[in-house]
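For reference, the structure discussed in these notes is given below.
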Amino acid sequence: MDGKLIIFSAPSGAGKTTIVRAMLERLKELEFSISACSREVRKGEVDRKDYYFLGLDGFRKRIAENAFLEWEEVYKDHYYGTLLSEVERIWDEGKHVIFDVDVYGGVNIKKQFPEKALAIFVMPPSVEILEDRLRQRSTDEDENIKKRMDKARHEISKAGEFDKIIVNDDLDTAISEALAAIKEFIQ
């Protein structure tokens, strides 16, 4: 099988992770790409399941070794990326790779694999609804929400660089649209 790449990107709170989980339940030919990060393991997280927890030095070492398909310093000394070995692992299993990555990671992957990648941008119904969703999570302080909203506005401006934009104002509809787009792409 010729492995393909399915990329989901969105501002934080737009619902991309929920949609990706739905794709994994419905399409057995997809395998989730586990991202790498430089941060410490949080309570309840498992290395090589939630992330490859590399630590700051380990992450920088892998950058120097060109071990990443894409990576980004999201905030100072907070790196996230996709290991090339992870994509190869999934392709070796005869599956297509599905990514849940930030907008810049998504654009990067698409640029490297213009024909093999389907890049889907999950758009919130509005910036106001996105802010409400982030506040309902109750995981961030006001200052952090403001940072996330500033970043979200910039990320939304990149939506045109994706193959498909799915507005997530109704989750079932968004899931159906994503499913149809992926099925058509991997046929």
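The values are calculated or read from the model by the stated rules, or taken from the named source; none is laboratory data. Note that the coordinates shown come from a computational prediction; the quantities given were computed from them, not determined experimentally. Note: ideal-geometry Cβ built from the backbone for every residue, glycine included; neighbour counts use all protein chains shown.
Looking at the structure I just gave you, is Ser9 under 13 Å from the mean Cα position of the chain (by Cα), farther than 19 Å from Ile175 by Cβ, at pLDDT 95 or above and polar (S, T, N, Q)?
no
So which residues in the stretch 80-91 are assigned to a helix (DSSP H, G or I) and aliphatic (A, V, I, L, M)?
Kept after step one, since they are assigned to a helix (DSSP H, G or I), are these residues of the stretch 80-91: 84-91.
Within the stretch 80-91, Leu84, Val87, Ile90 qualify.
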task: For the stretch 46-62, enumerate the residues that are at pLDDT 95 or above, surrounded by 12 or more Cβ atoms within 10 Å (Cβ to Cβ) and either in a loop (DSSP other than H, G, I, E, B) or not hydroxyl-bearing (Ser, Thr, Tyr) (or both).
output: Phe53, Leu54, Gly55, Leu56, Gly58, Phe59, Arg60, Lys61, Arg62
message: Looking for something closer than 27 Å to Arg39 by Cα, out of contact with any Leu (no Cβ under 9 Å at 6 or more places or on another chain) and polar (S, T, N, Q) - is there at least one such residue anywhere in the stretch 148-164?
response: no
query: Identify, please: which residue in the stretch 113-139 is of a type in the set (Asp, Glu) and farther than 18 Å from Thr17 by Cα and is, among those, modelled with the lowest pLDDT?
result: Glu128
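Of all the residues that make up the stretch 8-30, how many are outside any helix (DSSP H, G or I) and either out of contact with any helix residue (DSSP H, G or I) (no Cβ under 7 Å at 6 or more places or on another chain) or farther than 22 Å from Met149 by Cα (or both)? Break it down into steps so the answer makes sense when it comes.
Going through the stretch 8-30, the residues outside any helix (DSSP H, G or I) turn out to be 8-15, 27-30.
Next cut, either out of contact with any helix residue (DSSP H, G or I) (no Cβ under 7 Å at 6 or more places or on another chain) or farther than 22 Å from Met149 by Cα (or both) only: 27-30.
Count: 4.
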field: Near pairs, Cβ below 7 angstrom, 6+ apart or cross-chain, from the stretch 12-40 (under 23 Å from Asn66 (Cα atoms)) to any residue that is surrounded by fewer than 17 Cβ atoms within 10 Å (Cβ to Cβ) and aromatic (Phe, Trp, Tyr)
entry: none
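What number of residues within the stretch 146-165 are in contact (Cβ under 8 Å) with a residue 24 or more places away in the chain and either in contact with a Lys or Arg (Cβ under 9 Å, 6 or more places away or on another chain) or among the basic types (Lys, Arg) (or both)?
8
This table checks each residue for (1) surrounded by fewer than 14 Cβ atoms within 10 Å (Cβ to Cβ); (2) within 25 Å of Gly3 (Cβ to Cβ).
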| position | (1), (2) |
| --- | --- |
| Ile98 | no, yes |
| Asn108 | no, yes |
| Leu134 | no, no |
| Asn144 | yes, no |
| Asp150 | yes, no |
| Ala159 | no, no |
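Anything in the stretch 92-141 that is part of a loop (DSSP other than H, G, I, E, B), closer than 22 Å to Ile175 by Cα and not small (Gly, Ala, Ser)? List them, or say none.
Taking the stretch 92-141 and keeping what is part of a loop (DSSP other than H, G, I, E, B), we get 93-95, 101-102, 113-116, 124-126, 138-141.
Add one more test, that the residue is closer than 22 Å to Ile175 by Cα, and what stays is 95, 101-102, 116, 124-126.
Scanning the stretch 92-141 gives Lys95, Val101, Asp102, Lys116, Pro124, Pro125.
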